[in-house]
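Heads up, the thing below is written out as structure tokens.
What follows is calculated from the coordinates using simple rules that are stated; it is not laboratory data. None of these values were measured; they are calculated from a predicted model. Cβ coordinates were reconstructed from backbone atoms using ideal geometry, including for glycine residues, and neighbour counts include every protein chain displayed.
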Amino acid sequence: MYNENTKSTIYLHRHLPGGKSQIVPCTMGFLSPSDAERSIELQRRIAKGLSGDIYLPSEDEDVIRYTKGDGITAGVWFEDSLICARTVKTDRDWVNSALAAIEEPPDPTGKTAVTGYTIVDKEFRGNNVQFLSYFLSENLLARDFDTIVTTVSPRNIFSLLNIMHCGFYITGLRDLYGSYLRYILRKNLREAAPIWTNWHHAMPIRDVKGQQRALAEGNVGYKVINKLRGFFVLYGHRGEEAPQDQRRFRPRPPIRLL
């Protein structure tokens, strides 16, 4: 069972009514079964009013399951209140069921973990607790797993930027969970093939077919940038050898200012 009793103290901005903000001490660690009800309550509060295009809440039974050995939940507390929860599936059967749901092949080795939901109380957003809770989880998962898989809505730019900053690459883009568009992202915790970032596509995030075509050609999305025309995803070739048609991927030379 994945559980660590030690909790670390971190100091976060708490946003209060009227434009006030103050630094408060919080604790970060892993949830136990006794914390499951708090995680359920937090998810209900955060998910209220959100469409499936942005967030699909987990069933209460799954929230409890994350704390009982089939997964892990990294959490952040302010006093007695849970203000952040990040979940990961680790049980082999549960993981393979989750992979099937996103049309990914199963992992017979049991070395793949699949993330669940990540939620943050609105009073504590902007503290990078999604980032901190991910690396707390990864530090534990790296003992037994080689790969972590996750999904993110293209409309949820903040979560997409956050998970890509954690080292994930886009490996798929398709309709999932009842026709909701989702990116599929992976992070290899062991040796992985390099990505050739000097030759890349810059694809508008709204160009679904173009991104799917880039993925089908063996590229992965490795970065999101914000241009005047909106957000773009950079796709680079993944493999030991450089792209065969390097001219196709070569970025334009920089403009010189006279």
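Results, tabulated for the structure shown:
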{"quantity": "Percentage of interatomic Cα-Cα distances in the stretch 1-119 larger than 26 Å", "calculated": "27"}
{"quantity": "DSSP-loop GluC sites (Glu not before Pro) across the stretch 20-94, with at most 11 other Cβ within 10 angstrom", "calculated": "E59, E79"}
{"quantity": "Translational D in µm²/s for the stretch 56-162 (Stokes-Einstein at 25 °C, 0.890 mPa s, Kirkwood Rh from C-alpha pairs)", "calculated": "169"}
{"quantity": "Loop-exposed trypsin sites (Lys or Arg not before Pro) per DSSP, neighbour cap 10 Cβ within 10 angstrom, longest uninterrupted part of the chain", "calculated": "49-142"}
{"quantity": "Which listed pairs, of K111/K223; K7/K89; K20/K122; K48/K89; K122/K227, have C-alpha distances above 18 Å, in listed order", "calculated": "K111/K223; K7/K89; K48/K89; K122/K227"}
{"quantity": "Sequence-distant aspartates and glutamates (8 or more away, or on other chains) whose Cα lies within less than 13 Å of K187", "calculated": "E138, D146"}
{"quantity": "Expected 222 nm ellipticity per residue - DSSP helices of 4 or more, -39500 (n - 2.57), all of the chain, to 500", "calculated": "-7000 deg cm²/dmol"}
{"quantity": "The stretch 110-214: GluC sites (Glu not before Pro) falling in loop per DSSP and having at most 15 other Cβ within 10 Å", "calculated": "E191"}
